[in-house]
């Protein structure tokens, strides 16, 4: 029986700020290779015959960007939208309930979308072994041999092998992220392993244990699934019901409480990319132990991670630091303290700033826009529309807009009229006028938008029709 991949893609990745942000988090970024992390996760299961089409669980706000990544490969079994974030247990419960609608005996492999796995064949072999144990109703997780006393991971203490499954061990205990001294003790003892956060189990077996140990989760999610709706390519869980689910992880809700927890120790080249220090550890380094990406110039620097997605970084005399620059922010921290980036992100959020949530380039289902300049009563943006894409039919109460086509051809609706606007041509949209911008061509359309008015916020919009189902 083929195995159902369930890919969790709703996290915010705050430790990888300033590249990872709330509205465009780390799983959508090519942080550890040429493709995004979610695309790399999808490719692991798309290239093996033992897997069914993947099911993706993601946040409402990420639906279009996730869908774009998914469409580069095979068609997914489903893209399921969480109306609110409720940690992993409710998300996995929804996946198990949806799979059980077809067959309660379906084997699920649950994977976060932000892990690096360098040995795909070893991963596939590990899943096959876990699936055999899962058919006997064991809930299996993957343990990774520790290479250092890591304080950013949880640990699993293993016990004896399972009957009839010599390579699968029973879990003796789950251990929360330890301090450095305790982590070193785990390394010395040799019977504690990193908890990978991946799971293999039968849908019915997981739901039975969830009912036993966290019935309030199952009750809320079952109601959300029963009242689900379909919207374009998405399955929307009922918001009111799902909101009542406790925010709790699979480990807390089930794995630490069940007597069915088992684990396989694997060597698959696994890394949980949870910090800049992790990215430094897996990347190619120069003779001085530096990792450099983008426009970076070094002098007398060692053991550092330097990455520019915007301006040049010139660094001299650095030792074991992380420096990451984007168009609108620069992070500087020690490698040892890179887990603390989340504290800075929380400070940004509490201060009311936008840099924790959005980049200067903001992705939309039709493409993206980038803020170029802002001033008193005006704002300049670049709009890039994908071939065949169009923005919603809309109007603004507080601003007028002037569109200049940089390249491509635009089809502009303005009131009752339609206009073709070509390269180096422009058109004016008066305040309050109903309008729409479309790209009828086969190449991307780039437009400079000059906004003017008393209020220029993104919420000054009334939509009359939208291809993408937005209100």
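See the values below:
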quantity	calculated
Some residue of region 311-320 being closer than 30 Å to residue 464 by Cβ and either modelled with pLDDT of 95 or more or buried (at least 19 other Cβ atoms within 10 Å of the Cβ) (or both)	no
Members of region 446-459 that are buried (at least 16 other Cβ atoms within 10 Å of the Cβ) and assigned to a loop (DSSP other than H, G, I, E, B)	456
Contacts under 7 angstrom Cβ, first residue in region 309-333 being on the phi > 0 side of the Ramachandran plot, partner assigned to a loop (DSSP other than H, G, I, E, B) and modelled with pLDDT of 95 or more, 6 or more apart	317/300; 317/301; 320/303; 320/304
Search result, residues across region 29-48 that are part of a helix (DSSP H, G or I) and out of contact with any strand residue (DSSP E or B) (no Cβ under 8 Å at 6 or more places or on another chain)	39, 43, 46
Among the residues listed as 263, 230, 292, 258, the single one being assigned to a strand (DSSP E or B), in the same structural domain as residue 173 (by TED's automatic domain parsing) and crowded, with 16+ Cβ neighbours inside 10 Å	263
Selection within region 188-205 - under 18 Å from residue 56 (Cα atoms) and either more than 24 Å from the chain's Cα centre (by Cα) or not assigned by TED's automatic domain parsing to the domain that holds residue 101 (or both)	202
Count of region 314-338 residues which are part of a helix (DSSP H, G or I) and touching a helix residue (DSSP H, G or I) at 6+ places or on another chain (Cβ under 6 Å)	2
Selection within region 185-207 - surrounded by fewer than 17 Cβ atoms within 10 Å (Cβ to Cβ) and either in a helix (DSSP H, G or I) or out of contact with any strand residue (DSSP E or B) (no Cβ under 9 Å at 6 or more places or on another chain) (or both)	185, 187, 188, 189, 190, 204
Scan of region 375-392 for residues that are surrounded by fewer than 16 Cβ atoms within 10 Å (Cβ to Cβ) and outside any strand (DSSP E or B), ordered by number	376, 377, 387, 388
Of the criteria (1) more than 27 Å from the chain's Cα centre (by Cα); (2) at pLDDT below 95, which one residue 231 fails	(1)
Members of region 233-255 that are touching a helix residue (DSSP H, G or I) at 6+ places or on another chain (Cβ under 7 Å), touching a residue at least 60 places away in the same chain (Cβ under 8 Å) and assigned to a loop (DSSP other than H, G, I, E, B)	233, 237, 238, 245, 246, 248, 249
Output for region 23-38, where each listed residue is farther than 23 Å from residue 334 by Cα, surrounded by fewer than 21 Cβ atoms within 10 Å (Cβ to Cβ) and within 11 Å of the chain's Cα centre (by Cα)	23
Meets criteria (within 20 Å of residue 386 (Cα to Cα) and either touching a helix residue (DSSP H, G or I) at 6+ places or on another chain (Cβ under 8 Å) or in a strand (DSSP E or B) (or both)) for residue 418	yes
Number of the condition not met by residue 356 [criteria: (1) in a loop (DSSP other than H, G, I, E, B); (2) touching a residue at least 40 places away in the same chain (Cβ under 8 Å); (3) more than 20 Å from the chain's Cα centre (by Cα)]	(3)
Count - residues of region 270-289 that are over 20 Å from the mean Cα position of the chain (by Cα) and assigned to a loop (DSSP other than H, G, I, E, B)	7
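The values are calculated or read from the model by the stated rules, or taken from the named source; none is laboratory data. Note that the structure is a prediction, hence the values are computed from the model and not measured. Here the Cβ is made from the backbone with ideal geometry for all residues, glycine too, and neighbour counts use every protein chain on show.
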